[in-house]
Amino acid sequence: MKNIALLLLASLLLLSCGGKKEVKQVTQESKAATEAFGVAETIRNAFVKKDSATIQRNATEAGFKDITAGRQVFDSVDITFTPRWVEIDGDKMLVNISWKSTWMQSGRKSDERGMAVFEMEGNPLKLSRILRANPFILQE
């Protein structure tokens, strides 16, 4: 009898602890931040591949100029983005991204790093400006 009572108690404890987990809803801000990080990553990939058409599709005219303004001829570039945080101000988003880059230009290697702020707006999101350290310009 004692064993049956212990078995019944143990099974009740297992059943009470094994209930459904609560599923949290994804907020609009979280969805927007994820989209912004995706746009930044798309632009980074397009820049590395020298794909101007993809950059133009994901940036406004001013944003495209910011990316290509100081564009120099380079043999190759490797850029790594690490998203840090997003500030949402009405219809604009400020996306803070830490970046590292390695440029190869005429057989010379150059390493850069910095913290950029991408201003994005619109629906779908597009890069409208690059504030602070522009990862797409080779500093000399």
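Just so you know, all these numbers are worked out from the coordinates, no wet-lab data involved. This one's a predicted model, so the numbers in the text were calculated from it and none came from an experiment. With ideal geometry, Cβ positions are generated from the backbone for all residues, glycine too; neighbour counts draw on all protein chains shown.
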key: Two-site FRET efficiency, SER106 against GLU41, from Cβ-Cβ distance with R₀ of 30 Å, rounded to 0.05   = 0.60
query = If the cut-off is a Cα-Cα distance under 18 Å, which lysines reach LYS65, setting aside same-chain residues fewer than 8 apart in sequence?
reply = LYS49, LYS50, LYS126
request  = Provide VAL86, VAL117, VAL23 in ascending order of the number of other Cβ atoms located within 10 Å of each residue's Cβ, fewest first.
outcome  = VAL23, VAL117, VAL86
message = Defining a contact as two alpha carbons under 8 Å apart and six or more residues distant in sequence, what relative contact order in percent does the range 30-87 show?
response = 36 percent
